[in-house]
Every structure is written in C-alpha cells, then in structure tokens.
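*Asks:* Below is the structure I would like to discuss, written out as structure tokens.
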Amino acid sequence: MKIKCVTVGLLATNCYIVSGNDGNKDFLMVIDPGANFPLINESIDGVPTHIVITHAHFDHVGAMHPMLEAYPDVQVCVSAFENTDKEQIEKVCKGSLRLVSHHFDGLTGFRVDRRLHDGDVVCGFKVIFTPGHSPGSICLYNEKEKILFSGDTIFKDGCGRTDLGGNADDMAKSLDLLLKLNPDTEVYPGHGDKTTIGYEAKGWDK
C-alpha cells in the first residue's frame, strides 16, 4: 500500500492519496480533497476509483468540484450521517473562516454515490463512526496494515474542535473508541503530523 500526503489550503488540510489492492482489486482512493486541486492532481498517479470524505467541513471538500469534473466516474463515499449540501458546508464558514473561503476551489454541494455506515468496508478500510467534530465524522481503519485515517477526530497531541456543529460528549466517546485500537496503529490525521494510537493513549492518560 502506498500513501501520499498533500497538505492544502490556508488551514493546512491533509489530503491523502492511497493506492493498493483490497484483496479483490486495485484501488486508488483520495481522502479529503480540501483545496488546490492542481496540487492534489499532481500527486495522483492514475485514475482515482474512490473519493472518501471523513467529514464535510469546507476545508476537507473544497476541491470536490474540480475533482469530479476531472474524474466523473469516481465513486464518492461519505458518512450516512453527514450533511453535504451547499448550505451546510457554508455554515461553518462564518466570521474569520469566511475570509479564507475564497482560497478554496468552490464551496458547493456535491453528489454522493455511497453512504457509509459504521462497519462498512471501502478499499479494504473499515469505517468507524466517530461523531464529535461533526455529526457524521468517520475514520478509516485497516487492522492488518495498522493504519487509521482519522480526519479531524484525533490529531497528534489533540483532537478536533466541537464548536462547528459538533458535540463534546460524542467526541469523548469517539476518542475512547479509537484509543482502544492496536497501539502500533499509525494515525494519519486531517491536520498536522502523523502519530500512533499508543502515543496518543499515553498522552490522554496524563
């Protein structure tokens, strides 16, 4: 499995490009294309089979419009509990956040081809429903490879904010769930540096 990270936009969102074989067929998955489609596209070697959105905040979906224009046959996968219409995406662009919105490629609603539920599998990754940062946030977990794409649920030395339509109680439950995973699991977050479950578990115990 190959993982590329492209950091895009003024909020430094990590877009991941993941390629491999899920045991049945090859896949090329783009996770959270948040902004700057040309930069993301430079790192895509082939034709994406899937786009997976961990949550539909504007800094994670800002490049969806040009992505879908370039790759119209890609399968778009989003949590069954995430609102992806234009009004909801723009709702989190209030105050100072609106000042940076023009740096994104288009705050538009986008089509969804597959709605993901907890326990579903996409490209060999199990979907873990982790509300808190947003009502429909998800993580993608490959137990065999010990890899977790955590969106904005857990970061190195922290977790996602809950004041943009999220819920602090839900976040606490989601973190508790993730911190029970194999401690050797590598965590690829939506912002910032890579970490491990073991490192984060020690930090949250303090």
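The values are calculated or read from the model by the stated rules, or taken from the named source; none is laboratory data. Please read these numbers as outputs of a predicted model, since none were measured by experiment. Here the Cβ is made from the backbone with ideal geometry for all residues, glycine too, and neighbour counts use every protein chain on show. These area figures cover heavy atoms from the full protein model, side chains too; ligands, DNA and RNA do not enter into them. Shrake-Rupley method; radii C 1.70, N 1.55, O 1.52, S 1.80 Å.
*Asks:* Restricted to region 180-200, and to residues that are surrounded by 15 or more Cβ atoms within 10 Å (Cβ to Cβ), touching a helix residue (DSSP H, G or I) at 6+ places or on another chain (Cβ under 9 Å) and not polar (S, T, N, Q), which residue is modelled with the lowest pLDDT?
*Replies:* Glu200
*Asks:* Further, regarding this structure: Exactly one of (1) more than 15 Å from Phe149 (Cβ to Cβ); (2) not in a helix (DSSP H, G or I) is unmet by Leu68. Its number?
*Replies:* Of (1) more than 15 Å from Phe149 (Cβ to Cβ); (2) not in a helix (DSSP H, G or I), only one is false for Leu68: (2).
*Asks:* Which one of Thr185, Thr195 is of a type in the set (Ser, Thr, Tyr) and in contact with a Leu (Cβ under 7 Å, 6 or more places away or on another chain)?
*Replies:* Working: Thr195 fails: in contact with a Leu (Cβ under 7 Å, 6 or more places away or on another chain).
None of the others qualify; the one that does is Thr185.
*Asks:* Can you find a residue that is of a type outside the set (A, V, I, L, M, F, W, C) and in contact (Cβ under 8 Å) with a residue 60 or more places away in the chain anywhere in region 64-78? Working first, answer last.
*Replies:* Kept after step one, since they are of a type outside the set (A, V, I, L, M, F, W, C), are these residues of region 64-78: 65-66, 69, 71-73, 75.
Remaining after also requiring in contact (Cβ under 8 Å) with a residue 60 or more places away in the chain: none.
Looking through region 64-78, none of the residues is of a type outside the set (A, V, I, L, M, F, W, C) and in contact (Cβ under 8 Å) with a residue 60 or more places away in the chain.
*Asks:* Now a separate question. Being in contact with a Cys (Cβ under 6 Å, 6 or more places away or on another chain) and either in contact (Cβ under 8 Å) with a residue 40 or more places away in the chain or open to solvent by less than 20 Å² (accessible area, probe 1.4 Å) (or both) is true for just one of Phe37, Phe27. Which residue is that?
*Replies:* On the way: Phe37 fails: in contact with a Cys (Cβ under 6 Å, 6 or more places away or on another chain).
The conditions single out Phe27.
*Asks:* Can you name the condition, by its number, that Glu145 falls short on among (1) touching a Ser or Thr at 6+ places or on another chain (Cβ under 8 Å); (2) more than 26 Å from Asn36 (Cα to Cα); (3) touching a residue at least 40 places away in the same chain (Cβ under 8 Å); (4) open to solvent by 50 Å² or more (accessible area, probe 1.4 Å)?
*Replies:* That leaves (1) as the condition not met.
*Asks:* A further question follows. Could you tell me whether any residue of region 148-165 is in contact with a Lys or Arg (Cβ under 8 Å, 6 or more places away or on another chain), at pLDDT below 95, open to solvent by 40 Å² or more (accessible area, probe 1.4 Å) and farther than 21 Å from Cys15 by Cβ?
*Replies:* For region 148-165, residues in contact with a Lys or Arg (Cβ under 8 Å, 6 or more places away or on another chain), at pLDDT below 95, open to solvent by 40 Å² or more (accessible area, probe 1.4 Å) and farther than 21 Å from Cys15 by Cβ: present.
*Asks:* Please determine, by comparing only the residues of region 71-80 that are open to solvent by less than 10 Å² (accessible area, probe 1.4 Å) and not in a loop (DSSP other than H, G, I, E, B), which one is farthest from Asp32 (Cα to Cα).
*Replies:* Here is the first cut: in region 71-80, the ones open to solvent by less than 10 Å² (accessible area, probe 1.4 Å) are 74, 76-79.
Within this subset, residues satisfying the condition of being not in a loop (DSSP other than H, G, I, E, B) are 76-79.
Values: Val76: 11, Cys77: 10, Val78: 10, Ser79: 13 Å.
Top of the filtered list is Ser79.
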